[in-house]
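K.L.:
Encoded as structure tokens, here's the structure I'll be asking about.
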Amino acid sequence: MARKGPALAMVLLLMVALLVPVTWPRPPQTVCTADIVQARAVAGLANFSAWLRRNDATGFIGEMGWPADRDAAQWTGVAEAWYSAADTIGLPVTAWAAGTWPANYPMAVYRPVAHGMDVDVVGPQAHVVERHPSTAGYLRGVNLAAGSFATSEVNGGFGSANPGRYGADYTYETPSSYEFLASRGVKLIRLAVNWERLQPVPFGPLSSSEVARVRRALSHARAAGLLVVLDLHGYGDFALGGGPHQQTLLRLGGPGLPTTALADFWRRMSPAADDPAVIGLGLLNEPTRLAADGRAGALLWERAAQQTVDALRAIGDRRALLVSGYMPMGPPSWGLMHPHAWIRDPLHRFAYESHAYFDHDGSGQYWSSYADELRDVTWPHPALCQQLTPLTRQVLQW
């Protein structure tokens, strides 16, 4: 009988192996680039993914984009190399941006004809985006940002008391726009919403009319078969007032807008955004305008983000939570302000969100020519061929 124990155990192990697939970590792969600007972009992703692996975390590129006007061919080459690296690592990505952009906006992946409301035109960037679609391991898509138009950082007259005119100053896309995006292979939408429009007073009730508009947009996405990350598209400040009323800018972590205000917003918004299309909540787009700067600002943001995660889990929200980094939050500089992971989530369903732009300062403004960018790459130059290690865990999947 004693000899049968190990034999029986071996049989059981073999049966389990046959029934339960074992996923082994994929080996590192080499991605080669054509110039040092491309290499810089790939090195940024390598830095971000290495931080994620060290901290046993997963990540999300909430924004990445490049212009289609000056030096378009060169920037497209960078984007192609960057997407190849993101494919190798296995990162979910939503490109910046689609929606009702004006015809002269150089970074529109998909846009309307002239000044129409239906998104139905393919921009030059779309060809790169569509060559790197969603897979079984990660989702890919685009940002829809028109819900964040007409905000205080664009025009100081807008704010909680002057939220803008729906359909004129800002909008959410039409049903046919979502259907068009789905027909192009888009699977994931990062849908921008505005704090002041949804909650005109911190710690106050939500606006029923704005919630209804957001819910209608989510239903359009669901009908088209798209998944959504609901993105609170702010920067850490809150424009109280606006229009004929004096505007007061409150900063997260300061008087009038303590860090718990963000948790309160999401505690209210979570049940209002309970559409099955929503698989993730983006806690705050780019937390740059806080009540503190530098490392103190990073610590303030870490506290606000953790309080928001705690609040959402306490009310039973089980969706993926996307947590931006404090600036600088681009892949090349990720970890400067956050040496270690800081989020504690009992469900382990969160991802750290970075935004990737390829110009030297990562601003996405693309002020310099490509020739100037080639000269501005700091020494030592990144290697043209780099080894990238795939991530083994994701929270944004379909």
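K.L.:
If packing is taken as the average count of other Cβ atoms within 10 Å, what order do 214-221, 365-372, 186-193, 160-167 fall into, highest mean first?
P.N.:
186-193, 214-221, 160-167, 365-372
K.L.:
Sticking with this structure for a sec: Tell me, what is the percent relative contact order of segment 213-345, built from C-alpha pairs under 8 Å that lie six or more residues apart?
P.N.:
27 percent
K.L.:
So for segment 87-203, averaging the separation of alpha carbon pairs under 8 Å that are six or more residues apart and normalising by length, what relative contact order in percent results?
P.N.:
Relative contact order of segment 87-203: 28 percent.
K.L.:
Which residue, Gln29, Gln386, Gln74, has the most motion in a Gaussian network model of the chain that connects Cα atoms within less than 10 Å?
P.N.:
Evaluated over the chain, the most mobile residue of the options is Gln29.
K.L.:
Explain nothing, just the number: relative contact order of the chain, from Cα pairs under 8 Å at least 6 residues apart, as a whole percent.
P.N.:
Reported as a whole number, the value is 22 percent.
K.L.:
Per DSSP H run of n ≥ 4, the term is -39500 (n - 2.57); total these for the chain, divide by its residue number, and report the mean residue ellipticity at 222 nm rounded to 500 deg cm²/dmol.
P.N.:
Rounded to the nearest 500, it is -10000 deg cm²/dmol.
K.L.:
Here's another thing I want to ask about it. Using a/c under 1.5 as the rounded threshold, could you call segment 94-252 rounded, prolate or oblate? The axes a ≥ b ≥ c are square roots of the C-alpha gyration tensor eigenvalues, and prolate needs a/b larger than b/c, oblate otherwise.
P.N.:
It comes out prolate by the Cα gyration axes.
K.L.:
Please give the per residue accessible area of the chain, computed with a probe of 1.4 Å over protein heavy atoms only, in Å².
P.N.:
Dividing the accessible area of the chain by its residue count gives 43 Å².
K.L.:
On the protein heavy atoms, probe 1.4 angstrom, tell me the percent of accessible surface of the chain carried by carbon and sulfur.
P.N.:
59 percent
The values are calculated or read from the model by the stated rules, or taken from the named source; none is laboratory data. Quick caveat: nothing in here was measured; it's all calculated off a predicted structure. For neighbour counting, all protein chains shown are included, and Cβ atoms are generated from backbone atoms with ideal geometry for every residue, glycine included. For accessibility, only protein heavy atoms count, side chains too; no ligands or nucleic acids. Shrake-Rupley method; radii C 1.70, N 1.55, O 1.52, S 1.80 Å.
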